[in-house]
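In what follows, a structure is listed as structure tokens, so that the remarks can point back to it.
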Amino acid sequence: MKTSKKIVKLPIDGDTPMNRSNGKIKNNRLLISTPTLGMFRSEWVNARFSQIIPTNFSAVDVQNWMNPHMPVGFQLADAENLSAKAVVEGNFDWFLSIEDDNIIPQGALVKVNEYMIINDTPVVSGLYFTKSVPPEPILYRGVGRGHYGDWKLGEKVWVDGIPFGFTLIHGSIIRALWDVSPEYLVNGTTTRRVFDNPSEGYIDPETGGWMSTSGTTDLAFCKRLMTEGIFEKAGWPEFQKKEFPFLVDTTIFVKHIDRASGTIYPISLPKAFLDGKIMWKEALKILTA
């Protein structure tokens with residue numbers, strides 16, 4: 001008498017109903033990228049490599065060491081596009097950008113891990129300020145309107161423009177951009193212009209004057225996602241409909257360090273962004289941590 005055995009495949013940890021994997025079990029693998037010219041402040045190194053690592057956490061670091069003879073306008077974008085290539089070819093689930101002048105809090109990866117597990121928000125940024133006195137928060141609603149300031153520290157804020165100092169991006173977004181971006185060479189390596197540092201010059205046909213435009217890779221990225229239907233193509237149609245589709249988690253408070261002097265910004269937190277739950281003593285702890 002023959003008996004048959006039914007093979008039951010057990011779910012892997014992290015496989016939840018909210019995991020957007022098209023029925024396939026995913027491991028929430030994370031690629032952490034730091035574009036750099038090769039010089040790191042010791043404060044950055046200490047913050048980056050003293051992170052609390054979440055349990056059962058998998059990550060790969062990619063540092064793109066850039067040729068200083070490249071055209072200045074394309075250096076950062078080139079490094080980011082090499083990282084995009086690594087995300088696509090390695091089929092990574094998430095991409096985390098940590099720039100080399102942003103000092104992240106010790107529990108940053110723990111908070112990032114929570115967003116990866118819940119898996120309901122494709123782009124999440126930490127909060128940091130400009131290197132200036134007074135400081136301005138780098139989060140935006142609308143082009144040409146300056147920073148967006150109607151929020152308090154500790155809140156989650158929805159915007160249409162974020163920086164890349166500490167930003168988590170779902171791999172599906174990178175792959176959707178990769179599919180529609182042109183190929184080009186970076187030091188002999190073929191990649192695609194997923195990220196771009198917009199810069200162009202032209203003659204105005206009406207006035208005959210020379211006109212020029214420029215921008216940053218982070219805001220150009222945000223614009224592409226909203227205007228080229230990338231959220232829809234990546235499987236996040238609900239975010240394509242949002243006026244402000246990018247989340248800034250202000251509890252992930254990132255410091256911004258001047259590479260030459262070591263000055264850390266903001267030197268003091270503006271009162272406008274503090275509420276009754278975060279007193280000045282607590283704010284001081286954040287700044288001096």
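The values are calculated or read from the model by the stated rules, or taken from the named source; none is laboratory data. As the structure is a computational prediction, the values presented were derived from the model and not from experiment. Here the Cβ is made from the backbone with ideal geometry for all residues, glycine too, and neighbour counts use every protein chain on show.
Annotations
- Candidates Val60, Val45: the one that is outside any loop (DSSP other than H, G, I, E, B), at pLDDT 70 or above and within 15 Å of Ala108 (Cα to Cα) is Val45.
- Taken over the stretch 240-257, the criterion of being under 24 Å from Asp100 (Cβ atoms) and aromatic (Phe, Trp, Tyr) is satisfied by Phe246, Phe253.
- Elements of the type strands (runs of 3 or more DSSP E) sitting completely within the stretch 133-201 and holding at least 1 residues that are surrounded by fewer than 19 Cβ atoms within 10 Å (Cβ to Cβ): these cover 156-159, 183-186, 189-192.
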